[in-house]
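Below is one structure, written out as structure tokens, with a few remarks after it.
The values are calculated or read from the model by the stated rules, or taken from the named source; none is laboratory data. Being a predicted model, the structure only gives us computed values, none of them experimental. Note that we place each Cβ from the backbone using ideal geometry, even for glycine, and neighbour counts take in every protein chain shown. Surface accessibility is based on the protein's heavy atoms, side chains included, excluding ligands, DNA and RNA. Shrake-Rupley method; radii C 1.70, N 1.55, O 1.52, S 1.80 Å.
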Amino acid sequence: MTDNKGQDRGERISLRTGSGRRLDARRGEGQTVRQSFSHGRSKAVAVEVKRAPTGRRPGLKGGAEDTATAPATEAPKQQTTGRGGGRRPMVLKPLTEEERRARQQALVEARQREDEERKRAEEEARREAEEAASREAAEAAEREAKEAEAAREQADADARAKAEAEARALLEAEPAESEPAAATTADADVAPVAPPEERAAKPTPTRPVEDDEGARGKTKRAKTAPKVARRDDNRRGGRIVIDAEEGDLVERRGPSLAALRRRQERERRQRHVQSTEPQVREVVLPETITVSELANRMAIRGAEVVKSLMKMGVMANVTATIDADTAELIVSEFGHTPKRVSEADVLEGLEGPDDDAGDLQPRPPVVTVMGHVDHGKTSLLDALRNANVVASEAGGITQHIGAYQIDIGTGMPVTFIDTPGHAAFTEMRARGAKVTDVVILVVAANDGVMPQTIEAISHAKAAGVPIVVAINKMDLPDANPDRVKNELLEHELIPEDFGGDVQCVPVSAAARTGLQELIEAVQVQAELLELKANPDREAQGAVVEARLDRGRGVIATILVQRGTLHVGDILVCGAHWGRVRAMIDDRGEQVDVAGPSVPVEVLGLDGVPTAGDRFDVVDSEKRARDISAYHDRKLREAQMAAGVVAKGSVDDLFKALQEGSASELPVVIKTDVHGSLEAIRAGLERLSTDEVKVRVLHAGVGGITESDVTLARASKALVLGFNVRANAPARDLAKRDGVDIRYYAIIYELLDEIKDMLGGMLAPESRETITGHAEIREVFNITKVGKVAGCRVVDGLVKRGSRVRLLRDDVVVYDGELASLKRFKEDAREVKEGFECGMSITGYNDIKEGDVIEAYDVQEVARSL
């Protein structure tokens with residue numbers, strides 16, 4: 001400790017301990033000093049300040065100043081030396097919380113620095129080891145390369161030495177008189193030396209000579225050529241050889257670098273020509289294609305396609321659209337192979353292969369209930385549902401989805417489709433969905449056959465479906481089933497009691513009687529039909545109805561017709577598709593599979609399909625999207641062309657009839673009174689013949705309704721209205737679907753127009769008219785043409801291209817067409833009586849003098865009834 005005399009209070013007092021630490025204090029600070037440590041740490045220390053003794057100790061040169069500068073090891077002695085002569089203990093102040101945290105933080109940082117330094121040292125050591133290993137590997141590779149180079153040089157030296165030795169042996173073996181003055185060295189080129197008198201007159205050039213072995217080191221030697229120089233005309237073959245012939249040098253040269261370059265350039269051009277030769281491609285042609293797309297598929301410029309179209313007389317640019325026929329001509333002109341495709345190709349394979357007879361299994365029949373309003377159709381459906389033993393065992397039907405199965409405990413279950421009347425039935429049939437196997441016609445025993453009953457009979461007959469008549473309301477006192485059977489005879493429904501094939505079952509929906517007999521009658525009818533389907537294939541069927549539910553989305557009630565539907569299958573329903581997320585049966589339970597004739601509700605479609613749409617299971621979502629897009633385009637096109645179809649529907653019908661695809665004219669008749677209806681039906685029956693006839697799909701009294709239009713559309717029939725008109729919905733439906741409605745006020749006008757239509761359906765009559773005769777006077781045999789008859793027209797005239805018969809002794813020996821008609825080597829249009837001409841017959845040369853050629857024309861005359 002240092003105590004400076006003569007200083008004021010507040011002077012700093014320095015104390016250095018034996019450990020090298022310094023304690024600083026100022027006078028008057030209460031005998032306390034602050035001890036400073038590293039990393040910002042410090043603490044307060046209580047000290048006692050003693051004045052140094054005045055007497056000097058031995059070994060000390062000064063007083064107080066020397067004491068302050070004394071070594072650190074003597075500091076303890078100075079502290080213990082004082083007036084009291086005794087040592088007082090040092091009192092240390094405890095550390096504060098802040099100092100303790102600072103000390104802990106300093107320790108943690110010190111440890112982290114030590115860890116980082118250790119890691120850094122390890123990383124540097126690892127890097128140095130890797131660099132040393134890589135340097136060693138490089139040095140080893142360099143040593144190996146040097147050793148290999150030295151071995152190659154040694155081998156080359158050995159080869160050169162061997163070649164030199166062989167060359168010396170060859171020179172020594174030659175005769176002395178023919179040995180030229182030549183100098184052979186191992187390291188320099190050697191030139192053949194000529195005689196002295198020729199060396200003076202002409203310098204001798206030097207050429208390298210390869211040895212016969214073809215070694216690496218080329219040995220140069222001189223050789224005297226024979227008397228006659230052997231020149232090689234093939235300058236592009238062999239090695240470079242120098243021959244000495246009487247002092248002249250003759251060399252055989254190989255191809256030069258320029259020649260090699262020219263050959264490579266020719267080969268390159270040849271390869272380029274081969275690569276640019278036109279390749280025959282198979283060009284896929286849709287129904288319509290743009291010029292630019294066609295050019296891209298043929299890998300040519302669009303301007304070339306436009307040029308070809310202009311040559312054909314088609315003015316188009318690269319953005320124009322051409323049809324498939326024109327595109328096929330263009331593709332064939334450019335030497336490619338056209339392949340015609342259609343948008344309907346996406347439907348190929350959708351039906352699947354035909355089922356084998358061994359895979360077919362019996363399936364439940366599908367029944368539709370039809371009849372007049374208030375005849376108990378709904379009550380009969382409710383009674384049938386309550387008669388379901390399966391439903392009764394499960395606690396009753398909990399949900400009605402428009403289609404359900406009924407099992408009476410014996411025989412095959414029966415699937416019922418609950419459609420709202422015959423209109424929906426015909427709507428489904430019009431869309432190509434033939435889902436019904438049997439029709440139950442409900443007729444009230446007290447009312448008999450009513451107008452809507454007649455319509456239902458017409459719809460069932462048009463579909464070709466057998467009918468089972470259910471005579472309902474047998475519990476009423478005025479029920480008369482015999483009356484119903486007699487009225488059915490008027491509509492060509494002959495009951496079994498009268499010797500027919502129509503089953504009539506008396507039932508009562510209110511009293512729940514006759515229901516089992518009705519189901520048994522349906523089962524018998526199904527056995528006669530032998531209904532079978534293959535369950536082990538992809539599912540196919542029809543949509544019964546569809547709706548949009550707020551909570552579950554699109555719900556479609558479908559009927560599986562063949563195959564088995566599983567949850568997760570991909571369905572295509574008309575213009576919509578989706579994956580089956582869930583299936584619900586008619587009892588409201590979720591099922592995983594649905595077999596043939598099983599109705600289920602399906603969730604997962606992307607849109608609401610139309611009742612009657614067919615559904616199919618496909619293998620991928622891509623194909624499902626393609627098929628639905630195709631159906632969507634066709635639906636939009638049909639909607640846009642509805643007006644055009646309405647105008648041309650009758651013409652299309654006549655065309656189909658004339659082509660032989662139809663032999664009858666289907667009509668739907670509606671009149672104001674029953675008497676007019678009978679008169680019109682009788683008149684139409686008289687117009688029918690063996691070739692053509694009128695088929696009355698439905699005839700009734702009253703205005704034309706939507707049901708009539710729907711029936712006509714399904715059967716492509718005409719609607720004839722006598723003193724009646726169609727209501728507004730029926731007119732809109734007819735305009736949209738292209739159904740032709742014709743109105744009449746006079747029966748004879750209606751019959752005359754139908755007669756003209758039937759007459760147009762008859763095949764035209766062919767009439768033959770003989771135009772002239774020509775006698776063959778001479779027969780000429782012309783090369784590459786055949787036999788030509790020199791004729792004279794004896795009556796009438798002969799026209800070019802006429803039909804002719806060859807008569808020999810008044811017997812027809814050939815009937816064909818006139819190939820050529822000439823007069824004086826010029827083609828003639830016709831030759832009249834008394835003139836001579838030359839004629840040849842197509843495909844016939846057996847003509848003789850004296851034969852007669854008879855010319856005639858064939859005309860087609862329209863027939864009438």
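Details
- Here the range 701-806 is assigned +1 on the Cβ of each Lys and Arg and -1 on the Cβ of each Asp and Glu. Its dipole about the Cα centre then comes out at about 760 debye.
- A 1.4 Å probe over all protein chains sorts Asp158, Asp354, Asp857 by accessible area into Asp354, Asp158, Asp857, starting with the largest.
- Placing R0 at 51 angstrom, the Cβ-Cβ distance between Glu860 and Gln361 gives a FRET efficiency of 0.40 after rounding to 0.05.
- Ordering of 537-543, 682-688, 115-121 by packing [mean C-beta count within 10 Å, highest first]: 537-543, 682-688, 115-121
- Figure note: Asp752, Asp810, Asp851 ranked by solvent-accessible area, largest first, 1.4 Å probe, ligands and nucleic acids not counted: Asp810, Asp752, Asp851.
- Sorting 469-480, 316-327, 138-149, 452-463 by their mean Cβ neighbour count within 10 Å, with the most densely packed peptide first, gives 452-463, 469-480, 316-327, 138-149.
- Extension gain, Gln105 back to Glu149 (0.36 nm per residue minus Cα-Cα distance, nm): 9.3 nm
- Per-residue extension of 0.36 nm, minus the Cα-Cα distance of Arg823 and Arg579, leaves a gain of 80.0 nm for this segment.
- Length gained when the stretch Ala679-Glu98 is fully extended (0.36 nm per residue, less Cα-Cα span): 196.9 nm
- Dipole magnitude for the range 528-619: computed about the Cα centre from +1 point charges on Lys and Arg Cβ and -1 point charges on Asp and Glu Cβ, it is near 160 debye.
- Nitroxide proxy distance, nm - points 7 Å out along Cα→Cβ at Asp690 and Glu749: 3.6 nm
- The range 277-396: Cα Rg divided by the 2.2 N^0.38 Å rule of thumb: 2.19
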